[in-house]
Amino acid sequence: MQMKKCVSEFIGSAVLVIMGCGTAMLVGTDAVNGSGYILTALAFGLVIVGMAYCVGNISGCHINPAVSLGVMISGGLSVFDFIAYVISQCLGALAGAGVLAAIFNLGGIKDMTGGYGSNGLSGVNGSAGAGILVEVVLTFIFVMVILGVTSKKAAHGSFGGLIIGLTLVLVHILGIGLTGTSVNPARSIGPAVVAALSGNMDPLSAVWIFIVAPLAGAALAAIVYMFLEGGKQQSA
């Protein structure tokens, strides 16, 4: 069962990068050109909706180390499963970015993001502090919603995946113009590494922000949610 969970997380993370970052590469993320901006936000959110109803019953469809950290802190995931999930998610994101590189390079298609949909600080004028704050806040919101939706006390029926996906769209609507919206270390690592292998080192130089800040935001969300709900969840 552990292997099936890891494969599910690998597939989900790869699909997230292929569809989300791929859409950004194709249509761009310039806030002035609103159609591409919104399409990118929708692409990331819709992947979560689809994957939630596809692999959610197997692995929980975290496909995000920050989400896995929040779930682990709140008692819904063991340390061993957390490590296995994170490795699977990062490998999936790398595979997804590799698929994008193959498609765009073989097809001679212009990458509108300049870095395989990787995250950056251009929207905050290169300020690491502002970028960290953006990612902490957006991840906090996203993980808080996930913990609430997946709580045994939640009364959402079968709409949990839709709610989580729409929340990801929401945080992307604000975050794309600022940092490209990570809220997911694996999603940032995959494109940054592939961009570096292609000769563009800029995304890799800032990737630490998109690892540290989402993890911090997720940890904060878990602590706050446990306080609000009054205890830990049962470990999966």
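The values are calculated or read from the model by the stated rules, or taken from the named source; none is laboratory data. Since the model is a prediction, treat every value here as computed from it, not as a measurement. Here the Cβ is made from the backbone with ideal geometry for all residues, glycine too, and neighbour counts use every protein chain on show.
Let's see how each residue does on (1) crowded, with 21+ Cβ neighbours inside 10 Å; (2) of a type outside the set (Val, Ile, Thr); (3) modelled with pLDDT of 95 or more:
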site	(1), (2), (3)
Val79	no, no, yes
Gln89	yes, yes, yes
Gly107	no, yes, yes
Gly120	yes, yes, yes
Val143	yes, no, yes
Gly148	no, yes, no
Lys152	no, yes, no
Phe159	no, yes, no
* Only one of (1) closer than 25 Å to Val27 by Cα; (2) touching a residue at least 12 places away in the same chain (Cβ under 8 Å) is not met by Met201, so which one is it? -> (2)
* **segment 38-82 - residue that is among the hydrophobic types (A, V, I, L, M, F, W, C) and assigned to a loop (DSSP other than H, G, I, E, B) and, of those, nearest to Ser188 (Cα to Cα)** => Ile63
